[in-house]
Amino acid sequence: MPVEWRPEERQFHLHNGRISYVMRVLANGWLGHLHAGAPLAAGRSYAHLGPTDFQGFSQRVGEPVGLELPTAGSGDFRIPSLVVEQPDGSSLLDLRCVDHRVLPGKPPLAGLPSTYVVRDEEAETLEVELRDEIAGLEVRLLYTIFGDRPVIARSAVLANRGEGRLVVRTAMSASLDLPDSRWELVQLSGTWSRERYPHAAPLLPGRRSVGSLRGASGLEHNPFLMVQRPRTSEAAGEAIGLSLVYSGNFLAEAEVEPRGTARLRIGIHPEGFAWTLEPGAELALPEAVLAWSGEGVGALSDAYHDLYRRRLVRGPWRDRPRPVVLNSWEGVYFDFDHDRLVEMARATADLGIELFVLDDGWFGERDSDTSSLGDWVVDRRKLPGGLRALAHDVEALGIRFGLWIEPEMVSPRSRLFDAHPEWAIQVPGRGRTEIRHQLVLDLGRPEVVDHLEAAISGVLESAAISYVKWDMNRNITEPFGGTLPPERQGEFFHRYMLGVYELWRRLTTRFPDILFESCASGGGRFDPGLLAYAPQAWTSDDTDAVERLRIQWGTSLVYPVSSMGAHVSAVPNHQVGRITPLATRGAVAFFGQFGYELDPRRLTEAEGVEVRAQVRFYTEHRALFQQGRFVRLRSPFEDDGNEAAWMMVSNDRRRAVVAHYRVLGRPVPRYDRLRLRGLDPLTTYRVTPWPDAAGIGGVARAGDELMSVGLGIEPADPPNGVGVGDFTARLFDLEATGG
Ligand code: GLA
């Protein structure tokens, strides 16, 4: 059994040969932390990894002791993970283990997204119950270990078992004590149009954090942090990741104390947070997913990709082949009518694209972003036959139809706002900030969730809609819950998120066959929380191929290729004005949930031929791109950033597609070999450039050679010693020919 309990040392050891997590009940009843990371043998005591004579903090003030649930004011002067104010105003806690149980499988978390198991045999969950008798606080810590993954999922439930009111002020989902601080901290940060760039810096004394106070995980920082040993690469070295399955305000923080130990914590951001627990009440905390790799960052990403793709994403679209889409946004923006859309859809179908998505502008009287959010009624001026006629005409072309919505918002110029101004978030008697001319609805109010469920269900039932892009284009200002009493205003942000999740749950349950994609001004809520409802997300509003190299590289640290919407758009690119070859735009978007975002009627004949070939190539390799293993080879963040390379390998290692990108052409390109990873060393592969315009055909290369010597990527016959232009991409199609 992967959860071992040794009563002699009062030690818990979660182990599966790929990761170990060891804890011990200390002499004073507190839960001590002994080890997280490299797999250790079962059947042994690891008590020596923590204090042996620990009697209580009073005797060891300031000494760094590994703790699972550090609290404030107890002599552990590092950052706490739990602060609960009690009726007398104090926050001191003395949480002692009173019980534990091992549960088969993995219980769901009430109201919150989480990873799951399909069969109980896939995992075991340890529940450790701690109590502070004086406060009447019970904490149930939950640790799930999966049979074959280097991953531990942790969450907790807080319960008031006493008679007084408790106020939870800080409640981290995970706190991890590391015995040294010779690590680099890696975060994924950016802003609109350049989301999730990896940044690495050594851990230094004091604290370093990223987080969000926006009411969404945000474009700026992702709910994730990683520590890696210095000089860790994609293929070698140790790394630990902490990823939070949550889409709202979060904090991810590292602290190094004077004697050099480190503490990591991740959870709901404590700033402004205060959750009242009346007697008998409970609060479930979001899940944190810890992953460990001793073989580089690539293996850490593998662990997250596989877990999130198979056991966080749910519903029929988890495993179904996902369609190639064409989204209307960059093609026509708000400027369309029924006939133009049907013409676009016809051109879409002619290209072999499988689904046509109508983006913003189909409802109310929305000719720009200044009105109508909230009025989810079709605009008959543009679409006289409604969505039903449009979807019908699109389907008659042999393709599917998809639609954009932004349910959480309201425009001040809308019927909904006229009818229910009180549903828009604002502090009574004060001004309201409009962002993109819109306000946010208070989804903490159950009647708002009910209304939106009915309104959006009405739309989705009104026509043959196979796909929904659910957008969210502004963050929350003037936070205030109109129905919350003054002492509960600190619950506002989390209640908003619970309402958002509830709406997602209801709509995805009611419409299981619709493929949902989430979006938030691009990747402003690209997090594991939403992946539990929508299997894919719009990665970034930036569709430029060169920019996307960095965005998709960084995103892939945690998130699988199958979750990253990636579209070929027109040139000059609408975000950066760059003109890149169509081949390069395709070669970048293949490594995402592939599609187009342009007006297909404007393609030249030659471009049409090229797009058809791209769609054919993608659909022929769809299983590989959507379910294979993504391997990062050359980082666009290293050296001068002029190159990038990555590949997909099928799970049976018989197929692969390798891509190498060069940003600027350089004279006299150097001879270069790209070392591949993840192939079968004993297999021979036919390596064929794609497209194979010159008809060169493939060459046979052994897997071990491709991995240890590499694949030659120098341009064939550079004319006059000059490179082949800017923004180039080369693709290679690998197929096993024998053992
Ligand atoms: C956001 C999205 C875009 C598009 C527009 C529509 O910016 O990120 O993809 O849907 O909204 O208004």
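The values are calculated or read from the model by the stated rules, or taken from the named source; none is laboratory data. Being a predicted model, the structure only gives us computed values, none of them experimental. We place every Cβ from the backbone using ideal geometry, glycine too, and count neighbours over all the protein chains shown. Side chains are part of the model used for accessible areas, which takes the heavy atoms of the whole protein and leaves out ligands, DNA and RNA. Shrake-Rupley method; radii C 1.70, N 1.55, O 1.52, S 1.80 Å.
On the stretch given as region 315-348, residues that are within 14 Å of Leu390 (Cβ to Cβ) and of a type in the set (Phe, Trp, Tyr) total 1.
Note on region 437-484: residues that are open to solvent by 50 Å² or more (accessible area, probe 1.4 Å) and not acidic (Asp, Glu) amount to 8. Of the residues screened, Thr604 is not one that is crowded, with 21+ Cβ neighbours inside 10 Å and more than 25 Å from the chain's Cα centre (by Cα).
The strands (runs of 3 or more DSSP E) found entirely in region 579-652 that carry 2 or more residues being within 20 Å of Ser540 (Cβ to Cβ) and either without any contact (Cβ under 8 Å) to a residue 12 or more places away in the chain or out of contact with any Leu (no Cβ under 9 Å at 6 or more places or on another chain) (or both) are 593-597.
Within region 139-160, being open to solvent by 10 Å² or more (accessible area, probe 1.4 Å) and without any contact (Cβ under 8 Å) to a residue 40 or more places away in the chain holds for Arg140, Leu142. For region 251-305, the tally of residues that are farther than 29 Å from Arg214 by Cα and among the acidic types (Asp, Glu) stands at 3. Summed over region 111-128, the residues that are open to solvent by 20 Å² or more (accessible area, probe 1.4 Å) and touching an Asp or Glu at 6+ places or on another chain (Cβ under 8 Å) give a count of 1. No other residue among Gly280, Gly298 is among the small types (Gly, Ala, Ser), in contact (Cβ under 8 Å) with a residue 24 or more places away in the chain and part of a loop (DSSP other than H, G, I, E, B) apart from Gly280.
For Val561, indicate whether it is over 19 Å from the mean Cα position of the chain (by Cα) and either surrounded by fewer than 24 Cβ atoms within 10 Å (Cβ to Cβ) or at pLDDT 95 or above (or both). In short, no. Within region 371-380, the presence of at least one residue that is out of contact with any His (no Cβ under 8 Å at 6 or more places or on another chain), closer than 26 Å to Ala520 by Cβ and of a type in the set (S, T, N, Q) is confirmed.
Set side by side, the residues Ala288, Ala303, Ala299 differ, and just one is within 30 Å of Arg488 (Cβ to Cβ) and of a type in the set (Gly, Ala, Ser), which is Ala288.
Might you let me know whether region 535-544 holds any residue that is over 30 Å from Thr728 (Cβ atoms), modelled with pLDDT of 95 or more and buried (at least 24 other Cβ atoms within 10 Å of the Cβ)? Yes - at least one qualifying residue is present in region 535-544. At least 1 residues being within 15 Å of the ligand (Cβ to nearest atom), of a type outside the set (A, V, I, L, M) and free of Cβ contacts under 8 Å to residues at least 60 places away in the same chain is the threshold, and among the strands (runs of 3 or more DSSP E) wholly inside region 314-433 those reaching it are 355-358.
Among the residues of region 462-483, some residue qualifies, meaning at least one is within 16 Å of the ligand (Cβ to nearest atom), in contact with a strand residue (DSSP E or B) (Cβ under 8 Å, 6 or more places away or on another chain) and aromatic (Phe, Trp, Tyr).
Every listed requirement among (1) more than 22 Å from Leu312 (Cβ to Cβ); (2) more than 16 Å from the ligand (Cβ to nearest atom) is met by Tyr501 save one, (1). Kindly establish whether Arg259 is open to solvent by 30 Å² or more (accessible area, probe 1.4 Å) and either within 26 Å of Gly17 (Cα to Cα) or within 16 Å of the ligand (Cβ to nearest atom) (or both). Spelling it out, it is not the case that Arg259 is open to solvent by 30 Å² or more (accessible area, probe 1.4 Å) and either within 26 Å of Gly17 (Cα to Cα) or within 16 Å of the ligand (Cβ to nearest atom) (or both).
Every test in (1) under 15 Å from Asp369 (Cα atoms); (2) buried (at least 22 other Cβ atoms within 10 Å of the Cβ) is passed by Glu434 save one, and that test is (2).
Answer yes if at least one residue in region 516-532 is over 30 Å from Pro479 (Cβ atoms), within 16 Å of the ligand (Cβ to nearest atom) and open to solvent by less than 10 Å² (accessible area, probe 1.4 Å), and no otherwise. Within region 516-532 (the criterion being over 30 Å from Pro479 (Cβ atoms), within 16 Å of the ligand (Cβ to nearest atom) and open to solvent by less than 10 Å² (accessible area, probe 1.4 Å)), the answer is no, since none of the residues qualifies.
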